[in-house]
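Comments concern the structure below.
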Amino acid sequence: MTARLSTKHLLGIKSLTSEDINLIFDTADNFKEVINRPIKKVPSLRDVTVANLFFENSTRTRISFELAEKRLSADVVNFSAASSSVKKGETLLDTVNNILSMKVDMVVMRHPAPGAPVFLSKHIDANIINAGDGTHEHPTQALLDAYSMREKIGDLTGKNIVIFGDILHSRVALSNILCLQKLGAKVKVCGPPTLIPQHIGQLGVGVEYNVQKALEWCDVANILRIQLERQDIKYIPSLREYALYYGINKQLLDSVQKDIVVMHPGPINRGVEITSDVADSKQSIILQQVENGVAIRMAILYLLAADRGKV
């Protein structure tokens, strides 16, 4: 019998226990082995239909989920708000109910409104996976980030992790903080004061405004991009100035007398928050994050399907 998650949906890291996270990681280990075989497909979800509902643009997350679903032999329905009846005024609930009429078992959803997946989970029977809701959470990204860290440096208990960049507008930052804390890591954030949320200390994280000091403290540097598309006013004078004071470059990295693991959830603004010689260096595990994303999402789909008695 397949071990079960303590929750029917993946709405956020907040709803997961540390046991859930470790179960996802152990399951992902098995699927990572599968996706490195010559035949990369298993029949685990052959009776399951998954709808990918993306109300916001996405490349990496959407492709990663679709690949994970197809590797598990699920039937996949793709929905994009840009080419749908949403443009004609159809509500979120009507859209989803129409899709569920097609007998969909699971919904992977990205939406610009924080809390949209939670709203949906209260109204429909399908398992909901949050693929990013506004500036709130992005749980699968946090899980693949933590999984990638664990793979590189081992048990995260007591390890020092710094999240650099636009913390204010990032759904990845909140999910990462919650996930890393549940795994016993110590977390700090680093960025311009205008891009650090005012009360972030209440989450039990440290705040550092000096990039050099943050690098000297950390074992892992998880670097986020500046989210210009979410900024209705200017939070920084210019990208050039941001790169000068808060960008991570090779000279800065080399000045720290230890091997720091460098990560980035993508897409990368090369030359802004990170230079190419850092992104492509031996210390970077950015491409491993992409590979691990498929394994982690396979694990989540598989474990939630078990909840429906489909595995």
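Would you check if there is a residue in segment 195-217 being in a loop (DSSP other than H, G, I, E, B) and under 26 Å from Met298 (Cα atoms)? It would help to see each step written out before you state the result.
If we filter segment 195-217 for residues that are in a loop (DSSP other than H, G, I, E, B), which is where we start, we get 196-199, 204-205, 209-210.
From what's left, under 26 Å from Met298 (Cα atoms): none.
No; the residues of segment 195-217 include none that is in a loop (DSSP other than H, G, I, E, B) and under 26 Å from Met298 (Cα atoms).
Whether a residue is more than 17 Å from the chain's Cα centre (by Cα), farther than 21 Å from Ala28 by Cα and in a strand (DSSP E or B) was assessed, and Val77 passes this test.
Scan segment 38-63 residue by residue and report those that are touching a Ser or Thr at 6+ places or on another chain (Cβ under 8 Å) and assigned to a helix (DSSP H, G or I). Walk me through how you get there before you give the answer.
Taking segment 38-63 first, the residues touching a Ser or Thr at 6+ places or on another chain (Cβ under 8 Å) are 41-46, 53-54, 61.
Answer for segment 38-63, where residues must be touching a Ser or Thr at 6+ places or on another chain (Cβ under 8 Å) and assigned to a helix (DSSP H, G or I): just Thr61.
State whether one or more residues within segment 276-284 are under 19 Å from the mean Cα position of the chain (by Cα) and within 30 Å of Leu67 (Cα to Cα).
Our first condition is that a residue be under 19 Å from the mean Cα position of the chain (by Cα); within segment 276-284, this holds for 279, 284.
Next, from what is left, pick out any that are within 30 Å of Leu67 (Cα to Cα): 279, 284.
Looking for residues that are under 19 Å from the mean Cα position of the chain (by Cα) and within 30 Å of Leu67 (Cα to Cα), one finds at least one in segment 276-284, hence yes.
Out of all the residues in segment 26-44, is one or more surrounded by 19 or more Cβ atoms within 10 Å (Cβ to Cβ), farther than 12 Å from Ile300 by Cβ and not aromatic (Phe, Trp, Tyr)? The answer is yes; a qualifying residue exists.
To keep it simple, each residue is scored yes or no on (1) of a type in the set (A, V, I, L, M); (2) more than 16 Å from Val189 (Cβ to Cβ); (3) surrounded by fewer than 22 Cβ atoms within 10 Å (Cβ to Cβ); (4) in contact with a helix residue (DSSP H, G or I) (Cβ under 7 Å, 6 or more places away or on another chain).
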| residue | (1), (2), (3), (4) |
| --- | --- |
| Met106 | yes, yes, no, yes |
| Phe119 | no, yes, yes, no |
| Asn130 | no, yes, no, yes |
| Leu144 | yes, yes, no, yes |
| Ser148 | no, yes, no, yes |
| Ile153 | yes, yes, yes, no |
| Leu168 | yes, no, yes, yes |
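Considering the conditions (1) out of contact with any His (no Cβ under 6 Å at 6 or more places or on another chain); (2) within 30 Å of Ser238 (Cβ to Cβ); (3) of a type in the set (S, T, N, Q), Asn160 is excluded by exactly one of them, (2).
Every residue in segment 278-309 that is without any contact (Cβ under 8 Å) to a residue 60 or more places away in the chain and either touching a strand residue (DSSP E or B) at 6+ places or on another chain (Cβ under 8 Å) or part of a helix (DSSP H, G or I) (or both), please.
Going through segment 278-309, the residues without any contact (Cβ under 8 Å) to a residue 60 or more places away in the chain turn out to be 278-284, 286-287, 309.
Answer for segment 278-309, where residues must be without any contact (Cβ under 8 Å) to a residue 60 or more places away in the chain and either touching a strand residue (DSSP E or B) at 6+ places or on another chain (Cβ under 8 Å) or part of a helix (DSSP H, G or I) (or both): Val278, Ala279, Ser281, Gln283, Ser284, Ile286, Leu287.
With the condition kept exactly as written, say whether any residue in segment 177-192 is more than 16 Å from the chain's Cα centre (by Cα), buried (at least 19 other Cβ atoms within 10 Å of the Cβ), in a loop (DSSP other than H, G, I, E, B) and not hydrophobic (A, V, I, L, M, F, W, C). So far as segment 177-192 goes, yes, one or more of its residues are more than 16 Å from the chain's Cα centre (by Cα), buried (at least 19 other Cβ atoms within 10 Å of the Cβ), in a loop (DSSP other than H, G, I, E, B) and not hydrophobic (A, V, I, L, M, F, W, C).
Residue-level check: of (1) farther than 12 Å from Leu5 by Cβ; (2) touching a helix residue (DSSP H, G or I) at 6+ places or on another chain (Cβ under 9 Å), Thr49 misses just (2).
Taking the conditions exactly as written (within 25 Å of Gly134 (Cβ to Cβ), touching an Asp or Glu at 6+ places or on another chain (Cβ under 9 Å), among the hydrophobic types (A, V, I, L, M, F, W, C) and not in a helix (DSSP H, G or I)), does Ile268 satisfy them or not? Can you show your working first?
Numbers: within 25 Å of Gly134 (Cβ to Cβ): yes; touching an Asp or Glu at 6+ places or on another chain (Cβ under 9 Å): no; among the hydrophobic types (A, V, I, L, M, F, W, C): yes; not in a helix (DSSP H, G or I): yes.
No; evaluated as a whole, the condition is false for this residue.
Residue by residue through segment 1-37, note down the ones that are among the basic types (Lys, Arg), more than 20 Å from Asn292 (Cβ to Cβ) and not in a loop (DSSP other than H, G, I, E, B). Lys14, the sole residue that qualifies. For residues in segment 252-265 being assigned to a loop (DSSP other than H, G, I, E, B) and not acidic (Asp, Glu), which is modelled with the lowest pLDDT? Among them, the one singled out is Gln257.
Looking only at residues of segment 204-233 that are modelled with pLDDT under 95 and over 25 Å from Ile286 (Cα atoms), we find that the one that is surrounded by the most Cβ atoms within 10 Å (Cβ to Cβ) is Gln231.
Restricting the first member to segment 190-211 and to residues that are farther than 17 Å from Val172 by Cα, and the second to residues that are among the hydrophobic types (A, V, I, L, M, F, W, C) and part of a helix (DSSP H, G or I), the beta-carbon pairs closer than 6 Å and six or more apart or on different chains are Glu208/Ala214.
The values are calculated or read from the model by the stated rules, or taken from the named source; none is laboratory data. From a predicted model like this one, the values you see are computed outputs, not experimental measurements. In this analysis, Cβ positions are derived from the backbone assuming ideal geometry, glycine residues included, and neighbour counts consider all displayed protein chains.
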